[in-house]
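Comments concern the structure below.
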């Protein structure tokens, strides 16, 4: 299968490329390159690479494509708040263009990377299924809700997209992200010799290893369309719902029982959701998660520590919002995040 991956040069896209190719697929990549050079190890190359802005997608990149995986987005809540208007243009406008091109090319299979962050803050600890009320708290989360609405409106007999509401990602990638909770706490421990929480650690987060995200997307691409087409799924494993305090103490133990500092109640991030994943496991029985939080955190620490410069914990290199604001300040990007010149740093 020839798979077009929009956003292949990011944290998830890098791992997805490697996994798809290992499964025998051909990968065509399209990316603007904000994070292309933010690597800690040699990243896999796609079979065909296009550089461009998802807000100006060329229709020709869809030629000869069997399936599309749409990752391209401003990819977390903090970055999405930099400019709600730009987030809307990229995350929603770019998706609308991608849907139109895919339908024009006669592509039936389309996977959209949505997010469980659309649930925002839920009351109680009861796991939320796909019918739960959406309560998006940020521009990023709202863009995922709007994206799923676009997909539903576009679904017909010849276009059968699937929206995957992913849990919070973590784990090793050749293009790391340290603004994700497990990775952030591990890097904090490596750099500072302690674990610092900004909240009291009571919020819930469902977690999914980035390799299991790739495994889930490939499983959807190779599942019968009558089981996955035209549907939205929470993606993760029910046993992998954790309170942040548990994540912190686990990471601290893996790093040699580092001290953990607990913040005040609440904190800037108000999200808390415990999620049910039964529907996805029922519809896609071939998907089996390979990682638990503890095993994935241990693997991340072991692979990261020998390559990690503690100064990177305070730099732009592996933090999305720092990278983008640095590129704007240097004149590499315009305030609307259009590229003004080649992005060669850091």
Just from its helices, what would the mean residue ellipticity at 222 nm be for the chain, if runs of 4 or more DSSP H residues each count -39500 (n - 2.57) and the sum is divided by every residue, rounded to the nearest 500 deg cm²/dmol? -9500 deg cm²/dmol
Using mean Cβ contacts within 10 Å as the protection proxy, how do 332-341, 302-311, 278-287, 315-324 order, highest first? 315-324, 278-287, 332-341, 302-311
Among 271, 253, 175: highest mean-square fluctuation, GNM of the chain, C-alpha pairs under 10 Å: 253
Given the C-alpha centroids of segment 215-238 and segment 83-97, what is the distance between them in whole angstrom? 24
Inter-centroid distance (Cα atoms) of segment 119-173 relative to segment 101-116, Å: 15
Relative contact order for segment 153-227, counting Cα pairs under 8 Å that sit 6 or more residues apart, in percent: 37
Kirkwood-based Rg/Rh on the Cα set of segment 285-346 evaluates to 1.18
For segment 271-302 and segment 7-58, what is the separation of their C-alpha centers, rounded to whole Å? 23
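Using mean Cβ contacts within 10 Å as the protection proxy, how do 191-197, 7-13 order, highest first?
Numbers: 191-197: 16.1, 7-13: 26.6.
Averaged packing, sorted descending, gives the order 7-13, 191-197.
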Would you work out the relative contact order for the chain, in percent, from Cα pairs under 8 angstrom that are 6 or more residues apart? 19
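When only Cα pairs under 8 Å and 6 or more residues apart are kept, what is the percent relative contact order across segment 70-220?
It comes to 24 percent, rounded to a whole number.
Read-outs: derived from the displayed coordinates by stated rules, not from any lab. Quick caveat, the model's predicted, so the values are computed rather than measured. Don't worry about glycine lacking a Cβ; one is built from the backbone with ideal geometry, like all the others, and counts go over all protein chains shown.
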